[in-house]
Structure formats: structure tokens, C-alpha cells
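The values are calculated or read from the model by the stated rules, or taken from the named source; none is laboratory data. Remember, it's a predicted structure, so these values are computed and weren't measured experimentally. Here the Cβ is made from the backbone with ideal geometry for all residues, glycine too, and neighbour counts use every protein chain on show.
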Amino acid sequence: MNQCFVKGLALESYQQAIINQRVKEYRLRLMDISWFMRALKGQQHDSLLPFVGNEHQEIPKGLMFNAKDYFQLIDDTGRIQRHDKRGAISHSSEQLLYRLNIPTENWLKMTAEFTSIFKGPVGHTQELTAYCEHLERKRRQGAANCHRWLDCS
């Protein structure tokens, strides 16, 4: 039934009602960080980089922060952006953003308006250049916005 919906095929009214209910349920789940945490159960997909902890540790490849700090940043961000929650960026989240060289104001703007700010690949301009060279692209689509929002010194 889901495949028919995705393909744009006509559905019976009862099928459409089921799809609508599922969409509503998953939208609510996506906005609920506690549901996400329960669903995660500490497992990580093989194709994702692991959380390796503090950047001062000598671990070769991975995200240079731990999962706890990351989830704190996501929780802080969600509380700020939801109108029915009160929140602020915590000290640990500020430190994480500082290590990532992303000003708090930029982080909040990017997370709130990501799809309107970025229309293609996203990353520091150095990484964007490498990505475009790898794909043999002549233009770095979105380079100006990547530079503006991510290349902060």
C-alpha cells in the first residue's frame, strides 16, 4: 500500500485513511526526541561515522564528539525551535558548536531554515570543492551559502 502511494497510484478511501494516519503518527514521532532515543537503542548504522568522543583523543576517523553531547545539542535545538517548549543552548552544546566552528546563531538559523538556505551539497568550502572534483562538476553549487554559514573563523 505504501509503495502504491509513493508511486502516485490511486488508492481506495480506506487505504488513503490508513496512509494519512501513518503519516500523522510518524510526523509526531519525528518531533519527539524521546521516541527517537528509544528507537535508536544505542545502535548505529554501519555506514555512519562513529561517535569517537573528544577531539583531543587520538582516534583516526569519526565524529569528534560523543553521542551524549550530540543528543544534548539536538534536544536544545528542538526546544528552542518548538513553540510549545522553552529552551536555550546549554553550555555543553555551546562547547560542541565552538569545536565545530559554528556560531550558535548560524546553527539555529541553519537548522530552522536548512532547505531554504541550501539547495545542493552542504559542507565547508574545502570539502565542497573536493566533492565537486570527485564528481567532475565544474561548479560548486551553493558554495556562497556554505561559505557564509559554515566557514566561520
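Can you pull out every residue in region 76-109 that is in a helix (DSSP H, G or I) and among the charged types (D, E, K, R)?
76, 79, 94, 99, 105, 109
Within region 132-151, track down each residue that is without any contact (Cβ under 8 Å) to a residue 24 or more places away in the chain and within 28 Å of residue 105 (Cβ to Cβ).
Matches in region 132-151: 132, 140, 141, 143, 144, 147, 148.
Within region 106-130, which residues are among the small types (Gly, Ala, Ser) and modelled with pLDDT of 90 or more?
Hits for region 106-130 are 112, 116, 130.
With respect to the numbered conditions (1) in contact with a strand residue (DSSP E or B) (Cβ under 9 Å, 6 or more places away or on another chain); (2) modelled with pLDDT of 90 or more, which one is the sole condition not fulfilled by residue 67?
Only one criterion in (1) in contact with a strand residue (DSSP E or B) (Cβ under 9 Å, 6 or more places away or on another chain); (2) modelled with pLDDT of 90 or more is unmet by residue 67, namely (2).
Go through region 127-144 and give me each residue that's farther than 23 Å from residue 116 by Cα and among the acidic types (Asp, Glu).
If the condition is that a residue be farther than 23 Å from residue 116 by Cα and among the acidic types (Asp, Glu), then 133, 136 are the ones that fit.
Does region 93-101 include one or more residues that are farther than 21 Å from residue 32 by Cβ, under 16 Å from the mean Cα position of the chain (by Cα) and aromatic (Phe, Trp, Tyr)?
Looking for residues that are farther than 21 Å from residue 32 by Cβ, under 16 Å from the mean Cα position of the chain (by Cα) and aromatic (Phe, Trp, Tyr), one finds none in region 93-101, hence no.
I'd like the full set of residues that are surrounded by fewer than 16 Cβ atoms within 10 Å (Cβ to Cβ), over 17 Å from residue 124 (Cβ atoms) and polar (S, T, N, Q), limited to region 83-103.
90, 92, 95
Taking residue 126 as meeting all but one of (1) loosely packed, with under 14 Cβ neighbours inside 10 Å; (2) within 17 Å of the chain's Cα centre (by Cα); (3) not hydrophobic (A, V, I, L, M, F, W, C), write down the number of the exception.
Evaluating residue 126 over (1) loosely packed, with under 14 Cβ neighbours inside 10 Å; (2) within 17 Å of the chain's Cα centre (by Cα); (3) not hydrophobic (A, V, I, L, M, F, W, C) leaves (2) as the failure.
Just to be sure, is residue 129 free of Cβ contacts under 8 Å to residues at least 24 places away in the same chain, within 23 Å of residue 80 (Cβ to Cβ) and assigned to a helix (DSSP H, G or I)?
Criteria not met by residue 129.
Residue by residue, here is whether (1) surrounded by 11 or more Cβ atoms within 10 Å (Cβ to Cβ); (2) on the phi < 0 side of the Ramachandran plot; (3) at pLDDT below 80 holds:
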| residue | (1), (2), (3) |
| --- | --- |
| 4 | yes, yes, yes |
| 10 | no, yes, no |
| 25 | no, yes, no |
| 29 | yes, yes, yes |
| 36 | yes, yes, yes |
| 42 | no, no, yes |
| 45 | no, yes, yes |
| 56 | no, yes, yes |
| 62 | yes, no, yes |
